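Readers should treat all values here as calculations from the given coordinates under stated rules, not as data from a laboratory. From a predicted model like this one, the values you see are computed outputs, not experimental measurements. Note that we place each Cβ from the backbone using ideal geometry, even for glycine, and neighbour counts take in every protein chain shown.
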């Protein structure tokens, strides 16, 4: 996790160099976090302290495909929509701002749409039926495709 001064320095550097988000650079000081986020395992478990950077790593994991694959859709789902907002929404908006990614955050929808047609959606699912709604083509309709 970056300190406030390190974050400000990173912002200044990014603005000078027109830097874009890079998962490896974002997690460079946290090799275990990068290993967790880059793993191709179907299931991943993190056993760590409250301040270990899990949410920061997940934000990077969400941003990576939407920035590299036009039209990609990434989902972040928790038991409730408000938990999704509390856990990761501010982090995603900060990274969007710090790295000047050009994303358009939509507060009411808990969605960030990017210039390449990709988007990140946050949501809450508490039952199997609620999970199923995200497995249908309706998600494409939600994003206008």
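Here are some notes:
- Fewest-first sequence of 129, 64 by Cβ atoms within 10 Å of each Cβ: 129, 64
- Taking the fewest neighbouring Cβ atoms within 10 Å as the starting point, the ordered list for 68, 78 is 68, 78.
- Taking only the Cα atoms of the range 74-122, the ratio Rg/Rh comes out at 0.95, with Rh defined as the Kirkwood radius.
- Calculated FRET efficiency, residue 132 to residue 50, Cβ-Cβ distance, R0 = 41 Å: about 0.85 to the nearest 0.05.
- Among 113, 130, the ranking by other beta carbons within 10 Å of each residue's beta carbon, starting with the fewest, stands as 130, 113.
- Distance between modelled label sites at residue 75 and residue 94, nm, 7 Å Cα→Cβ extension: 2.7
- For the pair residue 41 and residue 106, the difference between a 0.36 nm per residue extended length and the Cα-Cα distance amounts to 20.3 nm.
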